[in-house]
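The values are calculated or read from the model by the stated rules, or taken from the named source; none is laboratory data. Bear in mind that the values here come from a model prediction, so they are computed numbers and not experimental data. Please note: Cβ atoms are built from the backbone with ideal geometry, for glycine as well, and neighbour counts cover all protein chains shown.
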Amino acid sequence: MVFVDRLLATLVHLRHGVTHDVLACWFAVDRSTITRAIGELRPLLAARGCTVAPGSRLRTLAEVVDYLGASGQTGIIDGTEIRVRRPAAGRKDREKFISGKNKQNAVKSMVVTDADGRLLFCSPVEPASCADITHARQLGLVRLLADGPFVEVLADAGYQGLGAQTGGRVVTPPHRKFKKNAPDWYEEMHERQRKAHSSRRIRVEHGIAHLKNWRALARHHGRREHMTDIIQAVAALLSHQQTATVLDDAHM
């Protein structure tokens with residue numbers, strides 16, 4: 001297969017979830033040829049990073065923090081889960097892929113967007129049993145925010161505790177001071193603060209929804225070892241499209 005056909009097969013597979021068998025029929029080649037082509041191009045797409053401007057891409061979390069600090073923008077983080085095949089019976093790590101939230105076998109990635117919902121970063125995946133806050137700490141987010149430029153990062157309640165560790169840079173929903181029998185004035189104030197935070201943070205949900213529109217991330221039936229390359233490849237392609245759309249709108 002020529003390079004253009006290999007690239008087209010990879011894009012169709014990621015975007016629409018077309019199986020290798022069907023792609024082999026379309027391109028009149030053997031199934032192993034399609035599998036090899038996708039396996040070679042997927043890591044190359046993942047290595048591109050997320051496009052924020054023509055010729056400017058972010059590949060690591062450190063670059064994302066520096067970019068947000070230099071541009072004065074607010075970042076938004078959230079974890080997203082992708083369903084995967086259940087590990088074979090007898091494997092020692094079989095249970096760690098079970099999500100505590102959905103009770104399904106899945107892997108988890110931390111997604112970072114700007115205040116407009118544009119993708120900036122998707123982390124390598126971890127088993128779904130890993131808590132959001134633990135995943136963020138493993139990625140070094142606490143150290144990067146504490147030692148780097150001042151950056152405001154919005155997060156949901158799953159990241160409560162990072163604010164104290166980062167000098168208030170991570171902003172999470174307010175804690176409830178009354179577990180029960182709260183005064184009416186407190187309930188109104190807490191609900192108002194919660195909604196205000198949620199309305200600012202909602203853009204990351206939009207960014208994740210755009211990711212999940214790619215069939216490769218709706219549910220993965222292949223090898224779990226490929227999930228990091230898949231989500232980062234999709235993020236790279238989607239961020240390039242988002243940047244091109246912003247530039248086109250600016251020129252109109």
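Of note:
- Residue 53 satisfies every condition listed in (1) under 21 Å from the mean Cα position of the chain (by Cα); (2) of a type in the set (A, V, I, L, M); (3) buried (at least 20 other Cβ atoms within 10 Å of the Cβ) except (3).
- Looking only at the stretch 113-138, and only at residues there that are touching a residue at least 60 places away in the same chain (Cβ under 8 Å) and of a type in the set (Val, Ile, Thr), the one that is surrounded by the most Cβ atoms within 10 Å (Cβ to Cβ): 113
- Matching entry among 207, 168 (being closer than 20 Å to residue 136 by Cα, in the same structural domain as residue 154 (by TED's automatic domain parsing) and surrounded by fewer than 14 Cβ atoms within 10 Å (Cβ to Cβ)): 168
- Selection status of residue 68, buried (at least 19 other Cβ atoms within 10 Å of the Cβ) and not assigned by TED's automatic domain parsing to the domain that holds residue 235: no
This table checks each residue for (1) outside the structural domain of residue 145 (by TED's automatic domain parsing); (2) surrounded by 17 or more Cβ atoms within 10 Å (Cβ to Cβ).
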{"residue": "31", "(1), (2)": "yes, no"}
{"residue": "75", "(1), (2)": "no, yes"}
{"residue": "92", "(1), (2)": "no, no"}
{"residue": "103", "(1), (2)": "no, no"}
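- Residue that is farthest from residue 74 (Cα to Cα) [pool: residues in the stretch 118-141 that are assigned to a strand (DSSP E or B) and among the hydrophobic types (A, V, I, L, M, F, W, C)]: 122
- Criterion (touching a strand residue (DSSP E or B) at 6+ places or on another chain (Cβ under 8 Å), within 24 Å of residue 244 (Cβ to Cβ), outside any loop (DSSP other than H, G, I, E, B) and of a type in the set (D, E, K, R)) met by exactly one of 42, 57, 15, 6: 57
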